[in-house]
Amino acid sequence: MKSDREFELRYGRGVLPVRVPAGTAVQVIRKPVMPVLHDASVAVSSALDQPVGIASDVAFAAAKTACIAICDITRPVPNRLFLKPVIERMIACGIPREGITVLVATGLHRPNEGQELAELIGDPWVLENICIENHYARRDDEHVLLGSTATRGTVVKLDRRFVDADVKLVTGLVEPHFMAGYSGGRKIIAPGLAHAETITTFHSFRFMGDPATRDCNFEGNPLHEEQLEIVGMLGSVLAINTVIDEHRNLSFVNFGEILESHRLAVDFARGFCEIPVHDQFSTVVTCAAGYPLDKTYYQTVKGMVSAANILCPGGDLIIASECSEGLGSVEFAKSQQQLINLGPDAFLQQISRQSHAEIDQWQTQMLVKAQLRGQIQLYSTGLSVKDGLLTAVKRVGSLEQAIVESLEKHGSEKIALIPEGPYVVPIGDATSTCALKQ
């Protein structure tokens, strides 16, 4: 905050200043100050020395191959801090360097290559010495059929390179996720390393439309429950889990058995990411968390859904997202056009009849979830005119003007502002009421 009336939102690789009219009551919703691990290398080494849920001397014992799954470029995971140390441990335990693969868990996203891959890995030694490959969800021959989940019958096909490895290790960032409750852990495997058939099954309408499929929730969450079943099909799986603060500093790291280590990381993150808010607002101002999450409009939807928790029905949700790469995939653009052609109600009715989602259709479904709460207004400097027409929300050229107009429209003097976007989840009070000007 630069003055008592100027605030900042994460935007692109920097911040976006936002001026608020004098006299406006602004509730800023952000994480409490998090502890920072000032010597990250020591913290990583300590985590590797003291694994969760397994003995320290058996993690890599008697193994000849290892597959390390990492998140794609859409997540700011601090790979530079732990990839080389864990690979060196593997080599010291007898796994030959040529037997180690780093696999980018793209899900159905595009591959990460060239300079982008170098940025993602963050360590020249790893780039030069270790085999690094992308997961391709649509390549049938690169997947192994493991069977179907017992509860919901999801056909489970996973990347062969991960399934066949002696050591299976997932790595990632633990943060709120608007579908799976929290990211990281089991989510790196599915959808990260899953075949398109698996992904489009548990991202279908019946999963995404379940009330339990939401931010910060595991209880009864069908997506989370399917992910746990899928992990159970693999046998032993390890994980490195990280949590970062608002400034992307390392705040937590652990290593160990995938489910127990992930649970501990989530327990830590909950105390900072879930913010009780005992009010609702006719004007909510947020962002898509800045780079790399706000590279596309597809990822921007996450910020809409989490902020809608505290939006008065019929209120204005104003979101800033650079969208430097535009809308997202061709499939997402097709889904957005379908929404525009049909309208929200008919769109939901149509997709509710599908056993499998069309690729990236689930993101449009979640957009509709936010739209049904209130009016979405988007500020973006990266979208082309053509892509802008497919957002299915109101475009604004000035955040300040959008705020002023919203306050006047609703006869309100208060707003909520979420500087870090979907990395912070306001937990609304269901008993609070809204009084909007009619």
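Since every read-out is calculated from the coordinates, none of them should be taken as a lab result. What you see is a predicted model, and the numbers here were worked out from it, not measured in a lab. Glycine also receives a Cβ, built like all others from the backbone with ideal geometry; neighbour counts cover every protein chain displayed.
Remark: spin-label model distance D57-C131 equals 3.1 nm, labels positioned 7 Å along the Cα→Cβ axis. Kindly provide the GluC sites (Glu not before Pro) of the range 147-239 that DSSP labels as loop, not H, G, I, E or B, and whose Cβ sees at most 13 other Cβ atoms within 10 Å. Within the range 147-239, the qualifying GluC sites (Glu not before Pro) (loop, at most 13 other Cβ atoms within 10 Å) are E219. Here each label is just a point 7 Å from Cα along the line to Cβ, and for E6 and E413 those points are 2.5 nm apart.
With a Förster radius of 30 Å applied to the C-beta separation of H247 and T24, the computed FRET efficiency comes to 0.70. Suppose we look only past 12 Å in the calculated P(r) of the range 384-427. What percent of the Cα-Cα pairs does that tail hold? It works out to 73 percent of all Cα pairs. The local environment of G94, defined by Cβ-Cβ distances under 14 Å, has a net charge of -1 under the rule Lys, Arg +1 and Asp, Glu -1.
Counting helices only, and only those DSSP H runs with n ≥ 4, report the 222 nm mean residue ellipticity of the chain as the sum of -39,500 (n - 2.57) divided by its residues, in deg cm²/dmol to the nearest 500.
Helix-only estimate at 222 nm: -9000 deg cm²/dmol.
Of the trypsin sites (Lys or Arg not before Pro) in the range 38-136, the ones in a loop by DSSP (not H, G, I, E or B) with at most 13 other beta carbons within 10 Å are K64.
Given R₀ = 35 Å, FRET efficiency for D166-V15 by Cβ-Cβ distance, to 0.05?
0.20
Counted residue by residue at 0.36 nm each, then reduced by the alpha carbon distance between them, the extension gain from D141 to M233 reaches 31.2 nm. Would you mind classifying the range 288-378 by shape? Square roots of the alpha carbon gyration tensor eigenvalues, ordered a ≥ b ≥ c; an a/c under 1.5 is rounded, otherwise it is prolate if a/b is larger than b/c and oblate if not. Verdict is oblate for the range 288-378.
Entry for the range 40-272 at q = 0.15 Å⁻¹: log10 I(q)/I(0) = -0.99, Debye formula applied to identical alpha-carbon scatterers, no solvent contribution. Assuming charge only on the beta carbon of Lys and Arg (+1) and of Asp and Glu (-1), the dipole of the chain about its Cα centre is about 660 debye to the nearest 20.
Computed from the C-beta positions of E400 and D39 and an R0 of 25 Å, the FRET efficiency is 0.05 to the nearest 0.05. Pairs with C-alpha atoms separated by more than 23 Å, drawn from the list K386/K409; K64/K84; K334/K369; K302/K394; K31/K302, are K386/K409. As a size descriptor, the averaged projected area of the C-alpha convex hull of the range 93-145 was calculated at 4.9 nm².
Each Cα pair under 8 Å and six or more residues apart adds its separation to the average, and for the range 40-272 the resulting relative contact order is 22 percent. With N the number of residues in the range 211-255, Rg(Cα) / (2.2 N^0.38 Å) evaluates to 1.50.
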